[in-house]
Amino acid sequence: MFYFLIASYLLGSISSAIIICKIMGLPDPRTKGSKNPGATNVLRIGGKKIAAFVLLFDGLKGALPVILAHYLGFSLFELTIILLCAFLGHVFPIFYGFKGGKGVATYLGGLIGLNFFVGLTFSIIWLFVAKVIKISSVAALTATLLSPVYFYFITTHNFKATLVIFLINLFIYFTHRENIKRIMSGDEGAIGS
């Protein structure tokens, strides 16, 4: 298990936003827009197609280790710990001075890996709130806030695994602390702005 956790963290530490922007000849996302190496910022600086690739690869960083561990027979609790490590790699990447993204796409990918219906529920909530409010961070924070509840009821009512999901949620709120300040002041930008 220990080596699996390390591998998950290292996979999470690979920044698809930085790599894809470099390949596509775009500026480093850490220097433009919100300065966050994530899909929403890449949408601002590179458009929908490139942002979709970043979203996909960031999601795979959460999904792949969880799915592989599932097939190797790890418990649900262990799978959530593996997701936590991939998530922490994305947020605190060893390859980029421990300064990474906000982790929502990696978290979503991991949720899909844990249970497709949990990931689907997260996606539906995100899409609904994004359509109505038109602010990515509000959509992400809303879907995240509710995820321990639907994770618990959709999966096997595993309390320990749900606590790990709750811990990831706390980290997501931490990574969005500046967004929360802008939401409260009315200065948070709309999707695509």
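Just so you know, all these numbers are worked out from the coordinates, no wet-lab data involved. This one's a predicted model, so the numbers in the text were calculated from it and none came from an experiment. Please note: Cβ atoms are built from the backbone with ideal geometry, for glycine as well, and neighbour counts cover all protein chains shown.
The table for this structure:
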read-out: Among M184, F2, L111 - extreme Cα towards positive end, dipole of the chain, charges at beta-carbon; value: M184
read-out: Contact order relative to length of the range 1-73, as percent, for alpha carbon pairs under 8 angstrom and 6 or more apart; value: 28
read-out: Relative packing of 125-138, 76-89, 99-112, which averages over residues the other C-beta atoms within 10 Å, highest first; value: 99-112, 76-89, 125-138
read-out: Percent of Cα pairs exceeding the 18 Å cut-off, where the set is the range 39-148; value: 51
read-out: Sum of side-chain charges, S13 neighbourhood, beta-carbon under 13 Å (Lys, Arg +1; Asp, Glu -1); value: +1
read-out: Ascending count of other beta-carbon atoms within 10 Å, so fewest first, for E188, E178; value: E178, E188
read-out: q = 0.09, 0.13 Å⁻¹, the chain: log10 I(q)/I(0) [Debye, one scatterer per Cα]; value: -0.30, -0.63
read-out: C-alpha long axis of helix 48-71 to longest principal axis of the chain, angle in °; value: 10
read-out: Local electrostatic count, K181, Cβ distance below 13 Å [Lys/Arg +1, Asp/Glu -1]; value: -1
read-out: Using alpha-carbon coordinates, inclination of helix 2-12 to the longest axis of the chain, degrees; value: 20
read-out: Cα-based helix-to-principal-axis angle, 104-114 vs the chain, degrees rounded to 10; value: 30
read-out: Neighbour-count ranking [beta-carbon atoms within 10 angstrom, fewest first] of T121, T144; value: T121, T144
read-out: Charge context of T142, other residues only, Cβ under 14 angstrom, K/R +1, D/E -1; value: +1
